Structures are given as structure tokens and as C-alpha cells.
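Asks: Can you read through this structure? Questions will come right after.
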Amino acid sequence: MGVAVIGASMTQFGDRDAWIRELIAEAGQAALSDAGVDPDEIEHLYVSNMSSGEFEGQGGIMNALAHDLGLMPAYSERVDQTSSSGGAGIFEAWQSVASGASEMTLLVGGEKMTHKTTAEATDIIASITHPAEYKHGITLPSFAGLTARHYLERFDAPRESLAKVAVKNHENGVDNPHAQFRKEIDVQTAMESPMVADPLRLYDFCPITDGSAGLVFTTEERAAEITDDYAVISGIAGATDTHVVHERDDPTVMGGVVESGQQAYEMAGIGPDDIDVAELHDMFTILEFLQMEGLDFAEQGEAWELVEEGHTERDGELPINTSGGLKSKGHPLGASGVAQGYEIYKQLVGEAGPRQVEADTALACNVGGFGNCVITTIMEAR
Amino acid sequence: MSFDAYVCPNGHVTYPGHTLCPECHEEQTETVDLSDRTGEVVTWTHSTKTPPGVRAPNTLAIVEFDIAEAITDIAPDAEEPDTFVRAIGQVTTDDVETGDAVEPVYVEELRDPDVGIKEPASQEWDGYRFDPV
């Protein structure tokens, strides 16, 4: 059964006073409103979230949301796939409609993080690592530093090329009213920012963020009755790579990106050249290179050249992260994959405002852990 | 304490070990101790924004150990045995470069177990740092 997206929402991302229940309720209500769907119509509810228990001590948030929006007796479930919880939520929501189990599904992703110190939030996120990694104080940013050094040394890529990813995404984020940071930066600022995980500096990393986003899914048949402008999920797949990051054969290849991308392309019956706009998981600048290569937008070791050439800018051949990416928009863990879905949906239905590009086919790649779990979603305009 | 990599009957090696070999799904029945071997730094970083209980900066490296000879002894009939295994860990100094030769040095407590998010009893906290030779 064809699955359509008929509505989307995104709260303000950043340092919010609201706690997790309020954040997801805000996005859930806005998504229903955007879709023009009554709460009574929702049969399945999925809530993407990594760590509401660890961050806030609040469990059972899918049931809290069902009650706060009056969705009972809808089926509800919390989806955790670490940083790719949002993409996994898209996968679950797609399955619920494609299988015929639900005719109308609401997905909300959210995370409340900023009340913790950077050290505490980093530790909560690092808890996903293997004990053999965790005992050494390894963090997700340190994986990025190790990988970036290897990439730059092996492919002879200039350090500035990573800074240019940050500059591009910050520039895009200026036009996103929901972004945490709406300010342009230049290469020099990025290159002179404090060192975080050598060779990566502050501006190579996304911030810690509160926020939520929502999407409404239904059958393509029902979508056509409700609205003239909707998008369909034409390809979607998830895949895993090793839990222990150093056990991968090639440190510059994320197997989950390659595998989920290939499966999503195959399901959609298209290839990388058919993608008009993409949202990639730029939790760290180096990840944009690894995903461009894993998704076949670039040959291995050559993504940095496309960035240098402006290929991925908003007016380039393949705009990447028109939303501003996690880099400027912020990264509320469970919300990020849903917010990627928000951006490509808005691009496809022509509601992206000043960020609008010409696009009929869009891709989102949501990366969990350091490539441990990945979901690739392809949407097409109808 | 030894610094064990785990080996299955087909000569596949991992550090750390797993319930089943990720390559062929056989049980990992043998070990190779890396503690008295010299490895080579594949890549490294200085991590400055470290979590509670972790030294700052925390210099980390991925290190590759040549274990071809040991695997031939352990799994002589293996058709395509692994020839190297990688490990990750702290470095004893901030002065390290890719390609450096390093030796494992035992440390009783790599970070303070009592201030992080993980339950202290849930895992071990001793292990090996890499010391440039």
C-alpha cells in the first residue's frame, strides 16, 4: 500500500523552557493542524526519543502524548534508535500504514537536553558505546575526530573543506526560523574556533538542543482525498553497522549508510542522480562527507571536492541540508530524523519559503550512534 | 590482567570479543594477548570536552596489531585468517602521530567509575593505555 505524508511540524529548536511532554505535545498538535486531521482519526502514534529517562527522569512519553492530544485508544509506542530514532520513527510509521495496521499515523520526535551540562549530555550520549570504549572516556565527538584525521590524511583533503560544510549549513540555517543558530560564519571563524577533538573544532559540531518535530502519514488513496499537495515515501530502509566503531574494515565507510541507501534506492526504483535535494546527518561536519560517499553522491574520498566546488549549496546541483542541518538547526536527538522529514516534505510540497529549491525527489539520511544504525528515506512529490 | 583479542576457529579476530564471531557466527574459543605486543597508530585525537570522571584532554588512538603469526598457530586450518586486529584506547602522552609504534601499558582505573552515567558494577574500569615506543 502506498504511504503518503500529508502534514509536518517543527517547534522552535534551541534552549527551551519547555520539558519533554510539552515539546512533543507542541509538535504533535501542530502536525495534526498542518495535515488538517482530527485527533480522533489517529490510529497509531509513534514517539521517537532517545533518552527522556536519562535526561529528565520521564518515562512513558508515548502514553503521555496520547493523553495530552486525546488520541486514546490509539496504539502508541516509543521508538529509540539513539540519534536515528527519528528516522526509525519514519520507518515504523511507514510500516504501520503500508501493512494496513493503521490508516492514519502520527509520528512525533523530541528530546529535552539543554538543562544538562555539556559534560553530562556528552556522557548520556556516550552511554551507547561498548564498555571497552566507554572506559577510555570515548565520546561521539572523539569518534568524529579520529575519523576526520584518518579521512584528511588518507585522501589528502584540506582541513578547510570541513569548515566549508559548517559555513554552508550555517548560511542555510539563516533562513530557517526554527533553527537554533541563525547566523552566518566564515571559514576563518570555524578554523580558529576552540579545539574539541583534534582536528575538529567547535564549529565542526552540532549544538545541544531542545526541540520536537512531527509528521502525519496515511494511505496514498486517503491523501488524495484530503489534499492536492502531498508526498509519498517511495523508498525507505534501515541498516546496522558494528557497535564497536574501530572494528569496521574501513574507518571512512559507514556500512549502515551504504546498505540502507542501496535498499532505499532499489525500493524507489531510482538512483543517486535522481535526488534533487537531501538532508544528511551532519552531527559532525565529517559525517556529511561520509554520507555523500556512502549514498553514491560522490566517489570515496572525493566528497570534499564537491563541497569545495559549491555543488551542495542551495543553488548547487545537489543542495544538501537546506534546513541548515543539525549544525545550525540543532540536534534534539529523537527529533532530528523527524525534522529531516519535515524539511524534505516542505521542499516537495513547495512550502519551504526562502529555503525552497526545485525538487520532486528528496532523500534524508539519519545516522544513529557513529553510523551504528542508519535510516535512509526517499520521498517524492505527488 | 591480559589484553585479549578473541579468535574463532576460522581465524577471525576481534577486540573486544563477541558472543558469536561477527564474520562467520562460530563461537570465539581462543584468545590472543595483545599486552606484550607493539602496535601502530592508525589515527588519533585529543578530546578536550570530556565527560565526568574522564581526564582532559583525553588523547585517544586506534591502534593496529599484526597478529598473523599467532593466528596461524591458533587456527592452522583457517582458509582466510585475519592478519591484524585493531583496538582503541587512551594514549599515555599528548604527543602522538599516525604511524607511531606503541606498546600497551596497564592502568588500574582509566576513568572515575563513580561519576559517569553507567552503573560502576556493570563493567570493568581497568585496561591498557598506548605508550609510544
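Derivation of every value follows stated rules applied to the coordinates shown; laboratory data play no part. Computed from a prediction, not measured in an experiment: that's the story for all the values here. No Cβ is skipped: glycine too gets one built from the backbone with ideal geometry, and neighbour counts run over all protein chains shown.
Asks: If you average the alpha carbon positions of segment B:54-133 and of segment A:78-156, how far apart do those two centres end up, in angstrom?
Replies: 25
Asks: If you don't mind, there's one more thing I want to ask. Could you work out which residue, out of A:Ala298, A:Ala335, A:Ala148, moves most in a Gaussian network model of chain A, that is, has the largest mean-square fluctuation with Cα springs under 10 Å?
Replies: Looking only at A:Ala298, A:Ala335, A:Ala148, the largest GNM fluctuation is found for A:Ala298.
Asks: Using each residue's phi in segment B:98-103, evaluate 6.51 cos²θ - 1.76 cosθ + 1.60 at θ = phi - 60° and report the 3J(HN,Hα) Karplus result to the nearest Hz, with x for Gly and Pro.
Replies: With coefficients 6.51, -1.76 and 1.60, one gets 4, x, 4, 8, 9, 10 Hz.
Asks: Based on the Kirkwood radius over alpha-carbon pairs, what value in µm²/s does the Stokes-Einstein equation return for the translational diffusion coefficient of segment A:1-104 at 37 °C and 0.692 mPa s? Could the numbers behind the result be given before it?
Replies: Numbers: Rh = 14.2 Å.
For the chosen part, D equals 232 µm²/s.
Asks: Further question: Let me know the charge dipole size of chain A about its Cα centre in debye, to the nearest 20, where only the beta-carbon of Lys, Arg (+1) and Asp, Glu (-1) is charged.
Replies: Values: 22 positive and 63 negative charges, 237 e Å.
With Lys and Arg at +1 and Asp and Glu at -1, about 1140 debye.
Asks: In what sequence do A:Lys135, A:Lys164, A:Lys112, A:Lys327 fall when counting other Cβ within 10 Å, fewest first? Mind dumping the intermediate values first?
Replies: On the way: A:Lys135 24, A:Lys164 20, A:Lys112 29, A:Lys327 32.
With the fewest neighbours first, A:Lys135, A:Lys164, A:Lys112, A:Lys327 line up as A:Lys164, A:Lys135, A:Lys112, A:Lys327.
Asks: Now a separate question. Tell me which of B:Gln28, B:Trp44, B:Ala68 sits at the most positive position along the dipole axis of segment B:4-132, charges placed on C-beta atoms (Lys, Arg +1; Asp, Glu -1).
Replies: Most positive-ward Cα: B:Trp44.
Asks: Taking Rh as the Kirkwood radius, which is the inverse of the mean 1/r over Cα pairs, what is the Rg/Rh value for the protein assembly as shown?
Replies: Working: Rg = 22.9 Å, Rh = 23.3 Å.
With Rg and the Kirkwood Rh in hand, the quotient comes to 0.98.
Asks: Turning to a different aspect of this structure: Rg and Dmax of segment B:4-132 over Cα atoms: what are they, in angstrom?
Replies: Expressed in Å, the Cα Rg and Dmax of segment B:4-132 come to 16.0, 47.
Asks: Please report how far the C-alpha centroid of segment A:189-213 lies from that of segment A:1-47, rounded to the nearest whole angstrom.
Replies: 28
Asks: Moving on. Counting only helical runs of four or more DSSP H residues, what would the 222 nm mean residue ellipticity of chain B come to if each run contributes -39,500 (n - 2.57) and the total is spread over all its residues?
Replies: The helix contribution divided over chain B gives -1500 deg cm²/dmol.
Asks: Beyond 32 Å between alpha-carbons counts as too far, so tell me which of A:Lys135/A:Lys183; A:Lys135/A:Lys164; A:Lys135/A:Lys346; A:Lys135/A:Lys168; A:Lys116/A:Lys164; A:Lys168/B:Lys118 fall in that bin. Mind dumping the intermediate values first?
Replies: Details: A:Lys135/A:Lys183 37 Å; A:Lys135/A:Lys164 34 Å; A:Lys135/A:Lys346 43 Å; A:Lys135/A:Lys168 36 Å; A:Lys116/A:Lys164 30 Å; A:Lys168/B:Lys118 37 Å.
Pairs exceeding 32 Å: A:Lys135/A:Lys183; A:Lys135/A:Lys164; A:Lys135/A:Lys346; A:Lys135/A:Lys168; A:Lys168/B:Lys118.
Asks: Which length gain, in nm to one decimal place, applies between A:Tyr75 and A:Lys183 when the Cα-Cα distance is subtracted from 0.36 nm times their residue separation?
Replies: Working: separation 108, 0.36 × 108 = 38.88 nm, distance 4.11 nm.
Taking A:Tyr75 through A:Lys183 to full extension adds about 34.8 nm, to one decimal.
Asks: Right, here's the next one. Arrange A:Phe155, A:Phe289, B:Phe130 by Cβ neighbour counts within 10 Å, fewest through most, would you? Present the calculation step by step, with values, prior to reporting the outcome.
Replies: Details: A:Phe155 17, A:Phe289 30, B:Phe130 27.
Lowest to highest Cβ neighbour count: A:Phe155, B:Phe130, A:Phe289.
Asks: At 222 nm, what value in deg cm²/dmol follows for chain A if DSSP H runs of at least 4 each add -39500 (n - 2.57) and the sum is divided by all its residues, to the nearest 500? Before the final figure, lay out each step's value.
Replies: On the way: 15 runs with 151 residues, N = 382.
About -11500 deg cm²/dmol.
Asks: Here's something else I'd like to know. Counting only C-alpha contacts under 8 Å and six or more residues apart, can you give the relative contact order of segment B:4-132 as a whole percent?
Replies: Working: 288 pairs, mean separation 32.6, N = 129.
Rounded, it is 25 percent for segment B:4-132.
Asks: Using Cα pairs closer than 8 Å and at least 6 residues apart in sequence, work out the relative contact order for chain A, in percent. If you can, show how the numbers build up before the last one.
Replies: Numbers: 959 pairs, mean separation 101.1, N = 382.
Over chain A, the number comes to 26 percent.
Asks: Here is a further query. Please report A:His136, A:His67, A:His243 as a ranked list, fewest other C-beta atoms within 10 angstrom at the top and most at the bottom. Don't skip to the end; give the middle numbers.
Replies: Details: A:His136 27, A:His67 13, A:His243 17.
In increasing order of surrounding Cβ atoms, one gets A:His67, A:His243, A:His136.
Asks: With springs only between Cα atoms under 10 Å, which of B:Leu34, B:Leu20, B:Leu110 fluctuates most in a Gaussian network model of chain B?
Replies: Looking only at B:Leu34, B:Leu20, B:Leu110, the largest GNM fluctuation is found for B:Leu20.
Asks: Can you tell me the Rg and Dmax of segment A:258-311, counting just the alpha carbons, in angstroms?
Replies: Computed over the Cα atoms of segment A:258-311, radius of gyration and Dmax are 11.1, 32 Å.
Asks: Averaged over every viewing direction, what's the projected area of the C-alpha convex hull for segment A:215-281? Give it in nm², one decimal, please. Present the calculation step by step, with values, prior to reporting the outcome.
Replies: On the way: hull surface 25.5 nm².
Across all orientations, segment A:215-281 yields a mean hull projection of 6.4 nm².
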